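What follows draws every value from the coordinates through simple rules; no lab data is involved. Remember, it's a predicted structure, so these values are computed and weren't measured experimentally. Neighbour counts run over all protein chains shown; Cβ positions are idealised from the backbone, glycine included.
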Amino acid sequence: MHLLINQVCGGNGVLVSDENGDLLGAMAKEMVNVANSFVAEAFAVVHALEFVLELGLSNIILEGDALSILKGLRGTGEDLSEIGPVLETAKQKMNIFASCNLSHVRRESLAGKRSFSAKERISVD
């Protein structure tokens, strides 16, 4: 018998669209045993980057509503927070792309935004 105490579950979703707002791909991933929403948001970025790499895109804009995660991804020093290792993994994946720009958007704007730039964009929620 398994007894799960304080198991935190959640999920993340990724939408990939082009500069015209046309959907190029979408994915959802379940997460089990994440410590909190802060950690879940960090893993969501890694999952999004892995998905976009599978799609073969090279110039991307990563949009997200978690400003603290985006700031961590922009940081150059060692991140000693609980998500530091996850952010380091994301940064390594970001370096694979020809260009990877970060953009903060409000949560309510993620679903409604249809044009962003002449690059593929990823929305992480």
How charged is the neighbourhood of residue 76? Take every other residue with its Cβ under 14 Å from the Cβ of residue 76, and add Lys/Arg as +1 and Asp/Glu as -1.
0
Kindly write out, for segment 17-27 in residue order, the coupling ³J(HN,Hα) from the Karplus curve 6.51 cos²θ - 1.76 cosθ + 1.60 (θ = phi - 60°), rounded to whole Hz, with x marking Gly and Pro.
9, 8, 5, 8, x, 6, 6, 9, x, 8, 8
Could you compute Rg(Cα) / (2.2 N^0.38 Å) for segment 23-107, with N its residue count?
1.05
How much net charge surrounds residue 50 when only other residues with a Cβ under 13 Å from its Cβ are counted (Lys, Arg +1; Asp, Glu -1)?
+1
In this structure, the FRET efficiency calculated for residue 81 and residue 27 from their beta-carbon separation, with R0 = 22 Å, to the nearest 0.05, is 0.25
